[in-house]
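Undergrad: Below is the structure I would like to discuss, written out as structure tokens.
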Amino acid sequence: MKTFLVGGAVRDTLLNYPVIEKDWVVIGETPESMVRQGFQPVGKDFPVFLHPQTHDEYALARTERKTAPGYKGFTVHASPEISLEQDLIRRDLTINAMAMDEQGEIVDPYNGQQDLNNRIFRHVSPAFSEDPVRILRIARFAARYSHLGFSIADETQQLMKQMVKNGETDHLVAERVWAELVKALSEKTPSAFFYTLKECNALKSIFPEIEQLFGIPQPEKYHPEIDTGLHSLLSLDQACLLSTKPEVRLAALLHDLGKAATDKSKWPSHHGHEQKGLPILEQFCHRLRVPRPFKTLAMQVMNYHTHSHRCFELKASTLTDMLSALGAFKASNSTLNDFIIACEADAKGRTGLENTPYLQSAYLIASADAGRNIDSAAILNSDLKGPQIGDAIRSLRIKAIKNFIKSV
């Protein structure tokens, strides 16, 4: 059996970057011979096997032929006659089309090492244009490696634009878009993911809710960067400095979607954008089948981020109701900190205000503690029923938070 380490593991080894998983290509074998050697078949679209000890993925060398639109429109052919070079040429980028043999020697038929050294994303062959997921993958690689100085080759950029113009991105399915998005949100510079998509005109078709924010002005007094789309990506950058959680990062990115619903005659003011954004966010989450924890936090941040910024001005009753809606009084609540961090990212995601302390954080946490630590025993042991109990507990919390406010 001739095996070669391929793809991301080779790329990241040469970059001295952490290798997360290892994929292997097998030359000269058949599915039957793999099974006889103890490998477990797992591939649906082409022959992929798990190693009996390491559980790494081993794929038989293959070629692909485009037969229909979208990323599933391929006929795959795997046979012992297919060479390593034939397998590698079907890959997306030159930096992913390298292999390493069992002695550690690099096989590089398409100059991937040169592009790696020059920090260039370049497509291997015209076959790149046959799979729209590759646009998302380049954008995700930008999110992962832009801090190392990577850029997209001019000819690859032009090819991506042509793919968008041809409607290839219209065939992307929700599951793949979400999979690439959540990976990008976990990378070092997720904003590069969106800038890359915007540059090749794919943002409009893949994430129209975000594309619509660009060109919408905000009051310069509060937003020196003015543009709402730019502010959203600056907020995402700040969220990355404050949290590694993709849920927090997504909430920071999407918090101002409602500003796209403001009537132009009202610009640059956006009164009520918080509530106007909720149906837009609902549409975004439905289309991409966003998991509930992501959606819940994004909805909370969108609905209440302005309250968070103005918390020092809020009446005790308003503050109590907001914290209650956030679930801050539950003993098991673990999302209040995530909400506050996303709001802090919004406040700092403004040109020149990146280092302004977000004093609201401590105030909100202390308010939540005051409302949570009430003694409700007398109410629970009283003759009050149903909603009366909830109203009495709310009154007790308002009183506790009012006392906290007076003490500040």
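The values are calculated or read from the model by the stated rules, or taken from the named source; none is laboratory data. Here the structure is a predicted model, which means the values were calculated and not measured. No Cβ is skipped: glycine too gets one built from the backbone with ideal geometry, and neighbour counts run over all protein chains shown.
Undergrad: Give the residues of the stretch 268-290 that are among the β-branched types (Val, Ile, Thr) and part of a helix (DSSP H, G or I), sorted by residue number.
TA: Of everything in the stretch 268-290, just one residue is among the β-branched types (Val, Ile, Thr) and part of a helix (DSSP H, G or I), namely 280.
Undergrad: For the stretch 126-139, enumerate the residues that are surrounded by 22 or more Cβ atoms within 10 Å (Cβ to Cβ) and either basic (Lys, Arg) or not in a helix (DSSP H, G or I) (or both).
TA: 131, 132, 134
Undergrad: Condition first: in contact (Cβ under 8 Å) with a residue 60 or more places away in the chain and among the aliphatic types (A, V, I, L, M). Now tell me which residues in the stretch 10-26 satisfy that.
TA: 10, 14, 15, 25
Undergrad: With (1) assigned to a helix (DSSP H, G or I); (2) closer than 20 Å to residue 146 by Cα; (3) of a type in the set (D, E, K, R) as the list, and residue 204 as the residue in question, which single condition is left unmet?
TA: Answer for residue 204: the failing condition is (2).
Undergrad: Let me confirm something: among 168, 175, which residue is surrounded by 15 or more Cβ atoms within 10 Å (Cβ to Cβ), of a type in the set (Asp, Glu) and more than 21 Å from residue 9 (Cβ to Cβ)?
TA: Working: 175 fails: surrounded by 15 or more Cβ atoms within 10 Å (Cβ to Cβ).
Every option except 168 fails the conditions.
Undergrad: Now, a different point. It is to be established whether one or more residues within the stretch 84-105 are within 18 Å of residue 33 (Cα to Cα), of a type outside the set (Phe, Trp, Tyr), at pLDDT 90 or above and in a loop (DSSP other than H, G, I, E, B).
TA: For the stretch 84-105, residues within 18 Å of residue 33 (Cα to Cα), of a type outside the set (Phe, Trp, Tyr), at pLDDT 90 or above and in a loop (DSSP other than H, G, I, E, B): absent.
Undergrad: Within the stretch 321-363, work out how many residues are outside any loop (DSSP other than H, G, I, E, B) and more than 19 Å from residue 296 (Cα to Cα).
TA: Residues flagged as outside any loop (DSSP other than H, G, I, E, B) and more than 19 Å from residue 296 (Cα to Cα) within the stretch 321-363 amount to 6.
Undergrad: For the stretch 368-394, which residues satisfy the criterion of being assigned to a helix (DSSP H, G or I) and surrounded by 14 or more Cβ atoms within 10 Å (Cβ to Cβ)? First the steps, then the outcome.
TA: Looking only at the stretch 368-394, we keep the residues that are assigned to a helix (DSSP H, G or I), and these are 368-372, 377-380, 387-394.
The answer is 368, 369, 370, 371, 372, 379, 389, 392, 393, 394.
Undergrad: Here are some residues: 219, 224. Which one is in contact with a Lys or Arg (Cβ under 7 Å, 6 or more places away or on another chain), surrounded by fewer than 20 Cβ atoms within 10 Å (Cβ to Cβ) and not in a helix (DSSP H, G or I)?
TA: Answer to the selection: 224.
Undergrad: Moving on. Within the stretch 344-367, is even one residue of a type in the set (S, T, N, Q) and over 26 Å from residue 256 (Cα atoms)?
TA: No, the stretch 344-367 contains no residue that is of a type in the set (S, T, N, Q) and over 26 Å from residue 256 (Cα atoms).
Undergrad: Take the residues in the stretch 7-43 that are in contact with a Lys or Arg (Cβ under 8 Å, 6 or more places away or on another chain) and assigned to a strand (DSSP E or B), then tell me which one is surrounded by the most Cβ atoms within 10 Å (Cβ to Cβ).
TA: Result: 26.
Undergrad: Quick one: residue 315 ticks every box in (1) surrounded by 17 or more Cβ atoms within 10 Å (Cβ to Cβ); (2) out of contact with any helix residue (DSSP H, G or I) (no Cβ under 7 Å at 6 or more places or on another chain); (3) not polar (S, T, N, Q) except a single one, so which number is it?
TA: The number of the failed condition is (1).
Undergrad: Note down all Cβ pairs under 7 Å where the first residue falls in the stretch 213-227 and is in contact (Cβ under 8 Å) with a residue 60 or more places away in the chain, the second is of a type in the set (Val, Ile, Thr), and they're at least six residues apart or on different chains.
TA: Partner pairs satisfying both residue conditions: 224/351; 225/351.
Undergrad: Right, something else. Can you name the number of the only condition in (1) in contact with a Pro (Cβ under 9 Å, 6 or more places away or on another chain); (2) free of Cβ contacts under 8 Å to residues at least 40 places away in the same chain that residue 30 fails?
TA: (2)
Undergrad: Mind checking which residues of the stretch 179-194 are in a helix (DSSP H, G or I) and surrounded by 17 or more Cβ atoms within 10 Å (Cβ to Cβ)?
TA: Kept after step one, since they are in a helix (DSSP H, G or I), are these residues of the stretch 179-194: 179-185, 191-194.
Matches in the stretch 179-194: 180, 181, 182, 183, 184, 185, 191, 192, 193, 194.
Undergrad: Quickly run through the stretch 161-206 and pick out the residues that are hydrophobic (A, V, I, L, M, F, W, C) and without any contact (Cβ under 8 Å) to a residue 60 or more places away in the chain.
TA: 163, 164, 179, 184, 192, 193, 194, 203
Undergrad: Going by the structure shown, is residue 294 part of a helix (DSSP H, G or I) and more than 30 Å from residue 175 (Cβ to Cβ)?
TA: Judged against the criteria, residue 294 is not a match.
Undergrad: Scan the stretch 75-87 and tell me whether some residue there is under 27 Å from residue 182 (Cα atoms) and touching a strand residue (DSSP E or B) at 6+ places or on another chain (Cβ under 8 Å).
TA: No: the stretch 75-87 contains no residue that is under 27 Å from residue 182 (Cα atoms) and touching a strand residue (DSSP E or B) at 6+ places or on another chain (Cβ under 8 Å).
Undergrad: Moving to a separate point now. If I ask for residues that are within 15 Å of residue 213 (Cβ to Cβ), over 19 Å from the mean Cα position of the chain (by Cα) and surrounded by fewer than 17 Cβ atoms within 10 Å (Cβ to Cβ), which ones from the stretch 268-312 would you list?
TA: Once the filter is applied, which keeps residues that are within 15 Å of residue 213 (Cβ to Cβ), over 19 Å from the mean Cα position of the chain (by Cα) and surrounded by fewer than 17 Cβ atoms within 10 Å (Cβ to Cβ), the stretch 268-312 yields only 268.
Undergrad: May I pose another question? Which of (1) more than 27 Å from residue 234 (Cβ to Cβ); (2) modelled with pLDDT of 95 or more is the odd one out, the single condition residue 170 does not satisfy?
TA: Unmet condition: (2).
Undergrad: Still on this structure, please answer the following. Does residue 265 satisfy the criteria of being without any contact (Cβ under 8 Å) to a residue 12 or more places away in the chain, surrounded by fewer than 16 Cβ atoms within 10 Å (Cβ to Cβ) and either over 23 Å from the mean Cα position of the chain (by Cα) or part of a helix (DSSP H, G or I) (or both)?
TA: Judged against the criteria, residue 265 is a match.
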